[in-house]
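Here's the structure we're looking at; comments come further down.
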């Protein structure tokens, strides 16, 4: 991000690009850091939302009158284990990756 800002010059009637003051630079750096720090949280929130949707799609397997296959049990356990097994932003990026059709590409999302 540039260390400059645009201001309006009332005398010339034009916008001018000027350097940020030290105080403005400190504030901008703090905002950028806060945004970067929160991006992992936002990704994890999106992953948890996807996980919940996938679990809801398979909830009927957990009913008493349905026999759940071992593969489905493993799939559902893998869904519940996502936060514990994928703990950094690189893992979050892999989990959220999509192909050109918008479909999730990570194998964990594939139902058995």
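Since every read-out is calculated from the coordinates, none of them should be taken as a lab result. Being a predicted model, the structure only gives us computed values, none of them experimental. We place every Cβ from the backbone using ideal geometry, glycine too, and count neighbours over all the protein chains shown.
Among the residues of region 1-31, those that are out of contact with any strand residue (DSSP E or B) (no Cβ under 8 Å at 6 or more places or on another chain) and surrounded by 10 or more Cβ atoms within 10 Å (Cβ to Cβ) comprise 21, 25, 26, 27, 28, 29, 30, 31.
The rows are residues; the columns are (1) surrounded by 14 or more Cβ atoms within 10 Å (Cβ to Cβ); (2) in contact with a strand residue (DSSP E or B) (Cβ under 6 Å, 6 or more places away or on another chain); (3) closer than 14 Å to residue 50 by Cβ.
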| site | (1), (2), (3) |
| --- | --- |
| 72 | yes, no, no |
| 77 | no, no, no |
| 82 | yes, no, yes |
| 85 | no, no, no |
| 90 | no, no, no |
| 93 | no, no, yes |
| 99 | no, no, no |
| 106 | yes, no, yes |
| 110 | no, no, yes |
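The helices (runs of 4 or more DSSP H) found entirely in the chain that carry 2 or more residues being touching a helix residue (DSSP H, G or I) at 6+ places or on another chain (Cβ under 7 Å) and touching a residue at least 40 places away in the same chain (Cβ under 8 Å) are 22-57, 89-96.
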